[in-house]
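These notes concern the structure reproduced below.
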Amino acid sequence: MPEDSKKGADSGDDHDIYNIEAAEILASEAQAKYWKQYVEAYMALNNDEATKQIFSRCLLNCLQISLWQCYIRFIRKSNEKKGAEGLEETKKAFDFMLSYVGTDIASGPAKGLLSEWQPKVNSARAVYRELKKYVDEIDWNMLAIPPTGSCKEEQQWMAWKRYLAFEKANTQRIESAFANRRITFTYEQCLMYLYHYPDIWYDYATWHAKNGSLDSAAKIFQRALKALPDSDLLKYAFAELEETRGAIQPAKKVYETLVGSDNTATSLAHIQFIRFLRRTEGVEAARKYFLEARKAPSCTYHVFVAYAKMAFCLDKDSKVAHNVFEAGFKRFMHEPGYILEYADFLCRLNDDRNVRALFERALSLLPPEESEEIWKRFAQFEKAYGDLSSMLKVEERRKEALSRTTSDDGSSLTECTLHDVISRYSFMDLWPCSSKDLDHLSRQEWLAKNNKKKVDRSTLINGTSALDKGSSELLNTKAGLSSSKVIYPDTSRMIIYDPRQTNDVTAPEVPAISNPSNSAAGLALVSCGNTKAVEEILKSMSPALAAFVTNLPAVEGPTPDVDLVLSILLQSNIPTGQVGKPGSTQQAAAGTAPSTSDLSGSSRSRLNPNGSLHRPQSGKRKDLNRQEDDETSTIQSRPLPRDVFRMRQIQRARGVSNSQTGSAASGGSAFSGDQSVSTD
């Protein structure tokens with residue numbers, strides 16, 4: 001490749017080294033498409049020496065049938081004038097190709113050129129049709145770039161997974177040696193495109209390990225770490241394989257690469273290396289490395305907790321574990337997680353005196369806003385190991401401390417409620433009340449809290465406060481509610497939709513779906529920067545539904561939590577209205593109250609969609625027409641039954657309805673004459 005091309009590619013985006021445009025220039029050596037173009041350029045110049053050198057570089061590393069077919073064409077062209085000797089060389093080239101890519105689905109035509117392969121080709125045509133549906137899903141021009149989460153990449157990953165599963169199933173019932181060759185070939189082809197996917201490398205290595213080839217699995221892991229040197233997952237998996245087969249020193253080298261320098265090593269790497277040394281070299285080697293790791297600047301309290309637990313559980317040495325916790329407390333006294341782990345260790349020792357002393361020391365050092373979990377665990381400890389007076393005293397102190405961290409006066413936190421009783425007298429998944437009672441108590445507490453605050457209208461519009469932290473924990477544990485925040489809509493900004501508010505009054509047609517941001521659903525998604533997704537969603541809808549969504553008015557404001565709204569609606573007891581006959585109480589109420597169209601002035605004359613003038617009719621005439629439509633639709637719109645008796649009944653009913661309709665029309669002309677004159 002020319003140097004100027006490399007410089008042009010290197011001068012691109014430094015933040016995205018796998019940019020597709022740059023990859024098109026710096027073509028990976030695993031891509032057959034570019035090797036084929038490269039070698040065909042020299043074949044066109046009849047430069048046989050350069051062509052052979054290129055084939056020696058790429059042929060064994062790129063198991064793509066198109067490149068190998070190019071190789072066969074070159075061999076046949078080079079030996080076409082050599083007679084019998086040239087035919088023998090061509091046959092050797094065919095055998096060489098089939099030994100590497102003979103399991104490829106596209107190698108059938110090449111096999112057919114050899115006479116001894118002809119019977120096998122005929123018997124494999126049925127298998128070819130079944131295999132082709134998996135191969136056709138694969139994009140053979142895909143570039144080997146790290147996964148970006150695009151839909152196309154996920155589809156290709158799934159297509160390769162299905163292809164590999166088909167090969168592993170061995171539906172052809174061929175011998176295991178040949179089946180393993182096919183699976184190996186498929187994995188190698190897959191890695192040409194999914195080169196930066198760690199799960200493919202892991203599956204490939206574990207497949208070799210399950211088949212008893214541990215050496216091959218180790219080689220696959222080595223290749224994987226060259227492809228993905230920053231993948232800690234593959235390093236842990238490789239070290240596990242080496243330790244499983246007894247290769248302790250290679251496994252230790254892998255762990256040493258994980259630990260690296262003191263500045264880049266993670267706490268998890270230190271912990272896993274300590275455990276590895278404890279398993280393979282003994283207690284003293286693990287202790288020695290812990291003393292070195294604790295001095296590293298990247299060491300966190302997790303390393304102290306892990307080594308203390310290992311000394312207590314594996315070595316059965318509680319004294320060493322206690323010393324480690326005490327040494328870590330001096331360094332991580334402001335970490336609530338470390339204090340809780342230390343308290344659990346002391347509880348396992350049944351040392352209640354030191355547990356209380358630890359809680360008191362921690363609470364005196366931590367600020368109130370970071371001590372909530374410590375207070376909660378302290379209260380749980382007193383509930384399990386203390387008496388009633390100590391339990392009530394800790395609860396009172398906890399409320400007083402947490403009340404100073406809230407923005408309000410904190411009087412609601414200091415009050416005693418039934419939630420305190422529930423917290424004190426519940427055990428594991430046993431509760432002193434039902435879930436319905438707990439939900440009722442939580443709602444009452446929330447309402448009382450908001451009544452004391454006297455929330456103004458602006459606060460209600462922008463969203464009210466949440467449930468109390470203690471009650472929300474119980475509610476989430478018992479009732480399973482994921483959120484307790486309620487967002488109220490801004491009712492002051494709601495308007496009544498009127499079609500006349502559009503720009504084109506004369507043509508109130510359905511607007512085009514070219515601008516999805518005009519709709520309410522489109523506005524919510526466009527605000528997230530996903531206009532194309534809105535267009536795709538609208539295209540997938542039916543025309544009627546798309547027109548409805550597009551005509552929705554744009555509403556600005558906070559987006560409600562759909563799951564929370566649905567949960568509240570499902571838990572609410574909504575009274576159902578009385579079901580009455582049409583035209584009874586509901587029609588009377590509708591007749592007395594003015595409609596929305598009357599309030600908005602829609603009773604005036606306006607243009608129809610076809611351009612004609614439309615004036616509203618009187619209420620009596622519309623009621624009469626509606627009654628006529630109901631009578632005809634209830635009988636005539638029904639499908640005809642196949643029963644002769646039922647057909648006669650429908651004919652009689654139609655005769656009665658027609659006579660009633662005629663009498664109603666004759667009677668209605670007495671009061672509809674003025675209206676008919678006004679519409680002419």
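Quick one: count up the residues across segment 307-347 that are in contact with a helix residue (DSSP H, G or I) (Cβ under 8 Å, 6 or more places away or on another chain) and assigned to a helix (DSSP H, G or I).
Residues in segment 307-347 being in contact with a helix residue (DSSP H, G or I) (Cβ under 8 Å, 6 or more places away or on another chain) and assigned to a helix (DSSP H, G or I): 27 in total.
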The condition from (1) at pLDDT 70 or above; (2) open to solvent by 90 Å² or more (accessible area, probe 1.4 Å); (3) part of a helix (DSSP H, G or I) that Thr148 misses is numbered (3)
Filtered residues of segment 292-306 (kept if part of a helix (DSSP H, G or I), open to solvent by 60 Å² or more (accessible area, probe 1.4 Å) and touching a residue at least 12 places away in the same chain (Cβ under 8 Å)): His302
Restricting to segment 422-439, and then to whatever is surrounded by 13 or more Cβ atoms within 10 Å (Cβ to Cβ) and part of a helix (DSSP H, G or I), can you tell me which residue is farthest from the chain's Cα centre (by Cα)? Arg424
Which residue out of Ser231, Ser298, Ser216 is over 30 Å from Asn180 (Cα atoms) and among the hydroxyl-bearing types (Ser, Thr, Tyr)? Ser298
Segment 336-350, residues that are open to solvent by 40 Å² or more (accessible area, probe 1.4 Å) and more than 40 Å from the chain's Cα centre (by Cα): Leu349, Asn350
Only one of these is among the hydrophobic types (A, V, I, L, M, F, W, C) and at pLDDT 90 or above: Ala110, Ala159. Name it. Ala159
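Could you look through segment 351-361, keep only residues that are closer than 17 Å to Asp387 by Cβ and either in contact with a Pro (Cβ under 8 Å, 6 or more places away or on another chain) or of a type outside the set (Lys, Arg) (or both), and pick out the one that is most open to solvent (accessible area, probe 1.4 Å)?
For segment 351-361, the residue satisfying everything is Asp352.
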Can you name the residue in segment 362-393 that is closer than 13 Å to His334 by Cα and of a type in the set (Ser, Thr, Tyr) and is also least open to solvent (accessible area, probe 1.4 Å) among such residues? Ser371
Return yes or no: is Ile220 β-branched (Val, Ile, Thr), more than 27 Å from the chain's Cα centre (by Cα) and assigned to a loop (DSSP other than H, G, I, E, B)? no
Restricting attention to segment 17-66, report how many residues are within 40 Å of the chain's Cα centre (by Cα), among the small types (Gly, Ala, Ser) and modelled with pLDDT of 75 or more. 1
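The values are calculated or read from the model by the stated rules, or taken from the named source; none is laboratory data. Just so you know, these numbers come straight off a predicted model, no measurement behind them. Virtual Cβ from ideal backbone geometry, glycine too; neighbours counted across all protein chains shown. The protein model used for the area step is the full one, side chains on, heavy atoms only, and it has no ligands, DNA or RNA in it. Shrake-Rupley method; radii C 1.70, N 1.55, O 1.52, S 1.80 Å.
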